Every structure is written in structure tokens, then in C-alpha cells.
Ligand code: PBG
Ligand code: ZN
């Protein structure tokens, strides 16, 4: 059909008509809220570059879960700030590590609230890299796999519902899957950060999680932002190794990758709307340069339209409130 027989504006005439033909719906049930947990008590410390996001001590978790549940947000992903860091990142897989304790605290308070745990070494290593180093300062892939597997098992043992490896070592999904299965956690799914890029958009996170590399950068293990085909190969590997949910991270500069991964594999797909994406919006909003509510809902809807089923986002609480208002 062509104009004048076809007039697209006919279906934009009223709010009811627009709602009827709307193709994509943003739903609070698809959102995961990131939490930064640390030792101590009575503290909620705001992250300077991420207004509205806090590092929380363990005792703050029950009230945090209450707030999230009242907003309809079903899940958190946990990042931990350990008491001390060492070369081997031993805080990552310690039975009484910060994430392990946080999972137990949340599950003791509410067993039905979904807890995802990020599995990586960078918050726990003294050098801030995502694995253990050889003498030349290079991250050793196969040695790191065992530590990641131990970390994953310790999270599952604490009660984590989903294990999310973000380190970008080769073979980590297989290593984690077999360790989980061996230890009796064959029902615990893996959400793999399959296409994770070496991105400048992680800047604020590294302040939040105190995980900036002490030297060099992550380009020898995270992906080159210029590559799309490689994202498909990475994702294919993770699926072959047993990933249940795949991920594209960051989201905003990688909408094409989200779409390609969804089209190619049809797998449950998570987009990570990362810290730098959040910080940019907050900074512009604080200056009165953008309409925050409309912009955030537009961005999150765009990620769903691109092919994401799940979105990890620091905007989750605001988005949940705005979605409620709109109903
Ligand atoms: C750990 C990890 C990072 C993020 C999630 N897991 C940082 C990094 O890889 O440097 C970034 C999340 C964000 O920016 O919001 N590897
Ligand atoms: Zn890492």
C-alpha cells in the first residue's frame, strides 16, 4: 500500500490506538538492579559518579530488598567490595566472602527474591585484573578458570539463583558448568557476559566497585568495540559450553550486536545498561539538559526493541516508578 491509501498517522491519532499497535513493552519484571555490597554496618555510601546508587553494608540488604520488591523489581545482581585484596583474588571464592554473605543475608530474609551474582576476580585482586597474572603481568587464562569455578560454586552454595561470569576468560562457561554440576548445582543457570567489550563506559563502575586495573587495561581479554562478527563467535562458544542466558555489554553503543545475537541464536538475552550510560544521563538531567524520565524509558524500550529480554540497569528503581505512574 502507498499514500494516500496508506496513511501511517491514522494509527497514531489517539493514545488508545497507539497503545494497541505498540510493538514493544518495557516491563519491570525484566529488570535487574545492580547492588554493591561491603563489610561494616550502618552505611549507605553514594557513588559520586552515579547519583542515586550506593555501596551498602550487609545490614542494609533487607530494607533494600523491601524497597525493590515494593517497586516490583524481581532481581539484583551483586558486586562485592572485599575486606582486603591479594594477588590471587582470594576474597572472590572465600566461603565467608562479601558476596557469599550478601547472598545468604538476602536469601535468609526472602528466599523468593532472585539473586544473580557477578563472577569475576577484578574486585578482589590487588592488581585489579580479571584473573591471576604471570610474571610478565599477563592474565593467565587456564589458571584463572579454576578460581572462577570455585567462586561460582561458593556463590551457588550460598544460595545464588543465577551465576553471571564477567571475566571474559576463554572456556569459563564450560569450567563453571562442570564445577556446578559436580557440586550438585546442576539446576543453577549461567548468565554469561558473552559479548563484553573493552569499554570506556565502565568508568563509574570501577569507582563503585573499586576495581580499576592498577596497570594497563582489559583489552587483552575484553572485546574490541569495533567487532560484531566476533560477538557472534563468542556467543556461540558460550552457548556450546552451557550458557543459559547470554549477554551484550555495554548496551547503548552495541544495539546492533544485541539485534544480531538475538536473530542468530534466539537465546534469552540480557543487555547491560552500564554505569557510564547511567552517569551520562544523570549528569545531563542534573543540568536540566534532557527530560530524564522520557529519555530513560525511551532508552530501555530501545534495548528491548533491539532484542533484549532482560536489562540490567541502575535506572531500575526510577523506571519502575515511572512505569507504575503510567499505568
Ligand atoms: C567486572 C565487571 C565490570 C562491570 C561488570 N562486571 C567492570 C569491568 O569489566 O571493568 C561493569 C559494569 C558497569 O559499568 O556498570 N569484570
Ligand atoms: Zn573483572
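Rule-based calculations on the coordinates, nothing more; no lab input. Model, not experiment: these values are computed from the prediction. We place every Cβ from the backbone using ideal geometry, glycine too, and count neighbours over all the protein chains shown.
Inclusion of residue 225 among residues that are within 16 Å of ligand 2 (Cβ to nearest atom) and without any contact (Cβ under 8 Å) to a residue 60 or more places away in the chain is not warranted.
Could you check, for the stretch 147-165, whether at least one of its residues is within 28 Å of residue 48 (Cβ to Cβ), more than 15 Å from ligand 1 (Cβ to nearest atom) and surrounded by fewer than 18 Cβ atoms within 10 Å (Cβ to Cβ)? Scanning the stretch 147-165 turns up no residue that is within 28 Å of residue 48 (Cβ to Cβ), more than 15 Å from ligand 1 (Cβ to nearest atom) and surrounded by fewer than 18 Cβ atoms within 10 Å (Cβ to Cβ). As a summary of the residue check, residue 285 satisfies the conditions (1) farther than 27 Å from residue 142 by Cβ; (2) surrounded by 20 or more Cβ atoms within 10 Å (Cβ to Cβ) except for the one numbered (2). Could you list, in sequence order, the residues of the stretch 285-317 that are in contact with a helix residue (DSSP H, G or I) (Cβ under 8 Å, 6 or more places away or on another chain), more than 17 Å from residue 77 (Cβ to Cβ) and part of a helix (DSSP H, G or I)? Once the filter is applied, which keeps residues that are in contact with a helix residue (DSSP H, G or I) (Cβ under 8 Å, 6 or more places away or on another chain), more than 17 Å from residue 77 (Cβ to Cβ) and part of a helix (DSSP H, G or I), the stretch 285-317 yields 285, 292, 293, 295, 296, 297, 299, 302, 304, 306.
Looking at the stretch 86-114, which of its residues are in contact with a strand residue (DSSP E or B) (Cβ under 6 Å, 6 or more places away or on another chain) and buried (at least 20 other Cβ atoms within 10 Å of the Cβ)? Correct list: 89, 98, 99, 102, 103, 106.
All of (1) closer than 17 Å to residue 77 by Cβ; (2) touching a strand residue (DSSP E or B) at 6+ places or on another chain (Cβ under 9 Å) hold for residue 234 with one exception: (1).
Condition test on residue 167, is it closer than 23 Å to residue 268 by Cα, in contact (Cβ under 8 Å) with a residue 40 or more places away in the chain, near ligand 2 (Cβ under 10 Å from one of its atoms) and in a strand (DSSP E or B)? No: the conditions fail for residue 167.
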